[in-house]
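The values are calculated or read from the model by the stated rules, or taken from the named source; none is laboratory data. As the structure is a computational prediction, the values presented were derived from the model and not from experiment. Here the Cβ positions follow ideal geometry from the backbone for every residue, glycine too, while neighbour counts run over all protein chains shown.
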Amino acid sequence: MKEKMFILATALVVAGSLSLAYAADIDNGKALFESPTFGGGTTGKTCKSCHPGGEGLSKDLFDCEKITIMGMEKNRVEEVVNVCIENPMGGSAIDTEGEEMQDLVAYMKTLVDKKAKKKTRRKIEGC
Ligand code: HEC
């Protein structure tokens, strides 16, 4: 009996911690997208300066397994974000698994979803 209670309690704790997994904060993602100091940016530019309303972000960006950006091959959107942080923003790459990255990507998804309603020609080489 005691053993069963222990198993049940363990199961509850595991289930509880799974539901506490980080939920991305879209508002924070928007703030980062519009911040010139995001990733230690030094050029005064923000993601929004070059991608207003998600411009230049393709709708299949989040599913791509190979993305070519500025002549470099990357496998995930997070790595592409770091290319833009390091080059046009003059900052340094952030943790691809970190909360800032998750927030930013979640916000970019909302931009791409809004844009998907309007049909735009794909300008950027990818996939
Ligand atoms: C000075 C302008 C500039 C800034 C600032 C900039 N980008 Fe970019 N970004 C570009 C250009 C240009 C490309 C396309 C490069 C290519 O295709 O080789 C691009 C491509 C991308 C792509 C790939 C899009 C696709 O569909 O292939 C992503 C994602 C992206 N940028 C995210 C960001 C994020 C996030 C920031 C802010 C941290 C940012 N960019 C800041 C100019 C900029």
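Just give me the residues in segment 48-99 being part of a helix (DSSP H, G or I) and among the hydrophobic types (A, V, I, L, M, F, W, C), in sequence order.
C50, V77, V80, V81, V83, C84, I85
Is there any pair linking a residue in segment 64-88 that is of a type in the set (S, T, N, Q) to one that is within 6 Å of the ligand (Cβ to nearest atom), with Cβ under 6 Å and at least six apart or on different chains, and which?
T68/E125
Which residue, of S92, S49, is at pLDDT 90 or above, within 8 Å of the ligand (Cβ to nearest atom) and among the polar types (S, T, N, Q)?
Answer to the check: S49.
For segment 52-86, which residues satisfy the criterion of being more than 8 Å from the ligand (Cβ to nearest atom) and among the polar types (S, T, N, Q)?
N75, N82
Does G41 satisfy being in contact with a helix residue (DSSP H, G or I) (Cβ under 8 Å, 6 or more places away or on another chain) and more than 8 Å from the ligand (Cβ to nearest atom)?
Criteria not met by G41.
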